[in-house]
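The values are calculated or read from the model by the stated rules, or taken from the named source; none is laboratory data. Given the structure is predicted, the values throughout are model-derived calculations rather than measurements. So basically every Cβ, Gly included, is an ideal-geometry build from the backbone, and we count neighbours across all protein chains shown. Just the protein is used for accessible areas: all its heavy atoms, side chains included, with ligands, DNA and RNA removed. Shrake-Rupley method; radii C 1.70, N 1.55, O 1.52, S 1.80 Å.
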Number of protein chains: 2
Amino acid sequence: MTDATRPLVRDLSEDELLARIFPLLPGGTATLLGPGDDAAVVAAPDARFVVTTDVLVEDRHFRRRWSDGRDVGARAATANLADVAAMGARPTSLVVSLVVPGDLPVGWVTGLARGLAEVCAPVGAGVVGGDLSGGDAVVVAVTAHGDLEGRAPVTRAGARPGDVLAYAGHRGLSAAGLALLDAGAAGAAAPDLDDVPDGELAACVAGYLRPTSPLAAGPEAARRGATAMLDVSDGLLRDAGRLARASGVRVDVATAELAADVDRLLPAAHAVGRGRDAALGWVLTGGEDHGLLATFPPGVELPEGFRRIGQVLAGPAGVTVDGEDPGTHTGWDHFAG
Amino acid sequence: MTDATRPLVRDLSEDELLARIFPLLPGGTATLLGPGDDAAVVAAPDARFVVTTDVLVEDRHFRRRWSDGRDVGARAATANLADVAAMGARPTSLVVSLVVPGDLPVGWVTGLARGLAEVCAPVGAGVVGGDLSGGDAVVVAVTAHGDLEGRAPVTRAGARPGDVLAYAGHRGLSAAGLALLDAGAAGAAAPDLDDVPDGELAACVAGYLRPTSPLAAGPEAARRGATAMLDVSDGLLRDAGRLARASGVRVDVATAELAADVDRLLPAAHAVGRGRDAALGWVLTGGEDHGLLATFPPGVELPEGFRRIGQVLAGPAGVTVDGEDPGTHTGWDHFAG
């Protein structure tokens, strides 16, 4: 961890803390008026904007002994920008409401700003505003905006029987990484990504701490005529079920198309004393990978980053795996367990 | 309190909880695609949008024994829409990230949705999206958007010597209400606004639990040529100081212009065993009233709702009261105390 442990948030006034954060925030190509006033002003060239919000809560979505501020900032930005991309939009801007305990190191907060910038700057998105409050646990609530560039939004509701089911991004990496951290198999209570050796185990841990989303694939899918799309944050089967119900179709996931994803997670499964079933479970139901699930008309050449993982069929709305009921392995609930 | 105590949040699945919330949310005149997909789509007729975010944290910004869900929802909406109005924009939409403990009554959450709707619907703003997470304390992070209707945004930086300093909204009501609740002088641990008798004490308590902002006065001020404007959420002197520093001017507040505000708070001051000094303190430094502070060129007829409270002068940037240094009574700090 690169965060210094001093000063603490409570050692600085709010204005002093903001003065350390502001210079770290990316400007953004659509920003007309940035942070510092009552509100920011952002360009919306086609007279519409896409907006989504996603919140991360300490000890629910991340643990401070595993994730430093940069990790959490990067993850918060990725989760939100993936939702923007899943509408077929290009991310333009985000705002951040941040709740921080007084005993949090200031370096954790500036790390968070850096993590946000690392994800936003490459796609031209600006961090244009925020709010700061004290509280007992860290909460990072991000709202992100995007530009549809004149296209219709790609909702969850447009999939038709005969469409190809396709996916862009990692599958199960985040769940495998969490399992490794849980088991202590990564070898450290607080792994520094820069110190973890190369290899599949490190990739899993990184996939949990700093998931990456194929943000450019969203607008490209829209250009190629994607009929439906969503960000897979709650697990492939659960989110595929949402698309299926919204569209009134059956979505069938073909495990044969996911064999390489399962193979990739075998070392992690073995490291936690489990086998191929666990790896397949991570691929089908693991959350927080932030890949994009989309459907395309038959015959369309899939855009870069997407690969076929099944098909859309007529029939009772829902998801099947190799033509069969997936049972109850369809993800998790925020308030369960 | 009208909230039922059962069921609790943990008794429902996330989807079940959302199904109870969605029907309560206002649609909004600018909403092109509402909640339920990865992101919403909102109209931005002049190819720009205004955006701001503001977070309320349990036991920092509200106490559950005093404020029910409706109060907190209304207050969260007001705090955010006031920031939009303070740019001279018309509110169009907001999104809400909500953190709730599992033992919170579902009625508290549906009350929050109703409170949001009570503030948003009259101005045509929609609640277009949200996110829900478990957590140990209630956190309500709202992001609000507005339409500048072709006008330039009114920032904090445009005040010029000679301008009139004007204010729209209540002064000190929220601080007086909090003092009454703190002192138990309101006569109930959990006052129901419908049960509190009419009168100034009840108005103060209501001003704390459900502050109201003159939202229409913001765009109207912009139309009349306001040179600078901001939402007064941290206290009149502190926020006036921000406007003064951003504009490079001296802002002088005239207490003679605020005499009626002080008079109005005298019953509350007396009820907590204090006098006129306390009432003046609430007027000058009390936070969370969400009125609008604006400057206008000399000779401009002030728009409806605004009244003169001082003037803009040349000189070292900062705020004075009746020409003198206001001392250290310039508000509060989020992490202090």
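For the reader, a short list of remarks on this structure follows.
- Test: residue in region A:305-326 that is assigned by TED's automatic domain parsing to the domain that holds A:GLY172, crowded, with 22+ Cβ neighbours inside 10 Å, under 15 Å from A:ALA175 (Cβ atoms) and among the β-branched types (Val, Ile, Thr): no
- Set side by side, the residues A:ASP38, A:ASP15, A:ASP46 differ, and just one is among the acidic types (Asp, Glu) and either modelled with pLDDT under 95 or in contact with a Lys or Arg (Cβ under 6 Å, 6 or more places away or on another chain) (or both), which is A:ASP15.
- Top-ranked residue of region B:246-272 - restricted to ones that are at pLDDT 95 or above and outside any helix (DSSP H, G or I), ranked as farthest from B:GLY172 (Cα to Cα): B:GLY248
Yes/no matrix, rows are residues, columns are (1) in contact with a Cys (Cβ under 6 Å, 6 or more places away or on another chain); (2) touching a residue at least 60 places away in the same chain (Cβ under 8 Å); (3) more than 8 Å from every other protein chain (Cβ to nearest Cβ); (4) not polar (S, T, N, Q):
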{"residue": "B:SER67", "(1), (2), (3), (4)": "no, yes, yes, no"}
{"residue": "B:THR78", "(1), (2), (3), (4)": "no, yes, yes, no"}
{"residue": "B:THR92", "(1), (2), (3), (4)": "no, yes, yes, no"}
{"residue": "B:LEU112", "(1), (2), (3), (4)": "no, no, yes, yes"}
{"residue": "B:GLU118", "(1), (2), (3), (4)": "no, no, yes, yes"}
{"residue": "B:ALA137", "(1), (2), (3), (4)": "no, yes, no, yes"}
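- Test: residue in region A:66-77 that is touching a Gly at 6+ places or on another chain (Cβ under 7 Å), crowded, with 17+ Cβ neighbours inside 10 Å and either assigned by TED's automatic domain parsing to the domain that holds A:ARG224 or in a strand (DSSP E or B) (or both): no
- Residue count for region B:281-303 under the criterion of being assigned to a helix (DSSP H, G or I) and in contact with a Ser or Thr (Cβ under 7 Å, 6 or more places away or on another chain): the result is 1.
- Leading residue by the ranking (surrounded by the most Cβ atoms within 10 Å (Cβ to Cβ)) among those in region B:236-273 that are within 13 Å of another protein chain (Cβ to nearest Cβ) and closer than 24 Å to B:PRO211 by Cα: B:LEU243
- Test result for A:THR29, at negative phi, more than 8 Å from chain B (Cβ to nearest Cβ), hydroxyl-bearing (Ser, Thr, Tyr) and under 19 Å from the mean Cα position of the chain (by Cα): no
- Restricting attention to region A:12-63, the residues that are assigned to a strand (DSSP E or B), touching a Leu at 6+ places or on another chain (Cβ under 8 Å) and acidic (Asp, Glu) add up to 1.
- From B:VAL41, B:VAL72, residue being more than 8 Å from every other protein chain (Cβ to nearest Cβ) and touching a strand residue (DSSP E or B) at 6+ places or on another chain (Cβ under 8 Å): B:VAL72
- Pick from region B:139-169, criterion within 14 Å of chain A (Cβ to nearest Cβ) and among the charged types (D, E, K, R), ranking: least open to solvent (accessible area, probe 1.4 Å): B:ASP147
- Taking the criterion of being open to solvent by 40 Å² or more (accessible area, probe 1.4 Å) and more than 25 Å from the chain's Cα centre (by Cα), the residues of region A:32-41 that qualify are A:LEU32, A:LEU33, A:GLY36.
- Boolean, B:VAL84 is in a strand (DSSP E or B) and within 14 Å of chain A (Cβ to nearest Cβ): no
- Checking B:ALA85, B:ALA137, B:ALA77, B:ALA44 one by one, the residue that is more than 21 Å from the chain's Cα centre (by Cα) and closer than 27 Å to B:GLY291 by Cα is B:ALA44 and no other.
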